[in-house]
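Q: Here it is: the structure, laid out below.
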Amino acid sequence: MPLDISTNAIIEKNKLTSINVELLLIEVKYQAEDSIYVCLNNAQIVWDGNTYLPAIFNLTGRNETKESEVPKVNLTFTDINRFVIPLLEEFNGANGAVVTVSLVDSKYLDNTTPKLQEILEIIDVTITDKADVNISLGAENLYNLRIPLNRYLKNSCRFDFKSTLCGYAGTETECNRTYARCKELENGTRFGGFPSVGRKGFFS
């Protein structure tokens, strides 16, 4: 999305000639792992306290369709030295990783406000036998969100069977998530339902 830019950047933009270069920066953050920082440049740079390593990649614009699909951005590059492919394989494609794309001026790297910035997430990854990596980026699909977030039911446990919250560590392999079944398994104190909320329950 467009952001407020500095006076110096506006002046630089309006010059007929300039040594300034607009740099495209990408930060990839996957769960609790350390972020990966790369820039479309032939040398590393430091911006906002982070070191961005040089990389060659192509980032297309957003594509919108008449079917109202979630807009996508395609990030493509060749991982000749196989720095990235092993990571993608280790994390099963890293789907859901947050990708922050920023546009900055090489002459004003001390300005920590980017000229443009988009926050996307990885929704699909394909790798060819030539080490070409194609990553589809998209915004969060609101249709995949559960609204309201929580539902409280009288006779239905909300915990996954044998999960940490469930707490059952016995030999049984099935549970229908009812309070009666919880009592049979002698796990009634860990029941994840709400017996006092009434027959229809409520949402929050």
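Just so you know, all these numbers are worked out from the coordinates, no wet-lab data involved. It should be emphasised that the depicted structure is a prediction, and the values quoted were computed from it without experimental measurement. Don't worry about glycine lacking a Cβ; one is built from the backbone with ideal geometry, like all the others, and counts go over all protein chains shown.
Q: What's the ranking of 181-192, 162-173 by average number of surrounding C-beta atoms within 10 Å, highest first?
A: Result, highest mean Cβ count within 10 Å first: 181-192, 162-173.
Q: With a point put 7 Å past each Cα toward its Cβ, work out how far Ile80 is from Thr128 in nm, to one decimal.
A: 1.6 nm
Q: What does the extension gain come out to for Thr60 and Ile119, with contour length at 0.36 nm per residue minus their alpha carbon separation?
A: Full extension of this stretch gives 19.8 nm more.
Q: Could you please rank Tyr52, Tyr152, placing first whichever residue has the fewest other Cβ atoms within 10 Å of its Cβ?
A: In increasing order of surrounding Cβ atoms, one gets Tyr152, Tyr52.
Q: Bins of 5 Å, beginning at zero and ending with the bin holding the largest distance: percent of Cα pairs per bin for region 7-144, please.
A: 2, 9, 18, 21, 18, 15, 9, 6, 2, 0
Q: Provide the FRET efficiency to the nearest 0.05 for the Lys154-Thr189 pair, computing r from the beta carbons and using R0 = 22 Å.
A: 0.80
Q: How much FRET efficiency would the formula 1/(1 + (r/R0)^6) give for Thr164 and Asn111, where r is the Cβ-Cβ distance and R0 is 35 Å, rounded to 0.05?
A: Efficiency at R0 = 35 Å is approximately 0.20.
Q: Let me ask something else about it. Which entries of Lys29/Lys162; Lys72/Lys107; Lys15/Lys72; Lys15/Lys115; Lys72/Lys115 show an alpha-carbon separation above 28 angstrom in the structure shown?
A: Lys29/Lys162; Lys72/Lys107; Lys15/Lys72
Q: Could I have the simple spin-label model distance between Lys15 and Leu53, label points 7 Å from Cα toward Cβ, reported in nm to one decimal?
A: My value for the distance between the label points is 3.2 nm.
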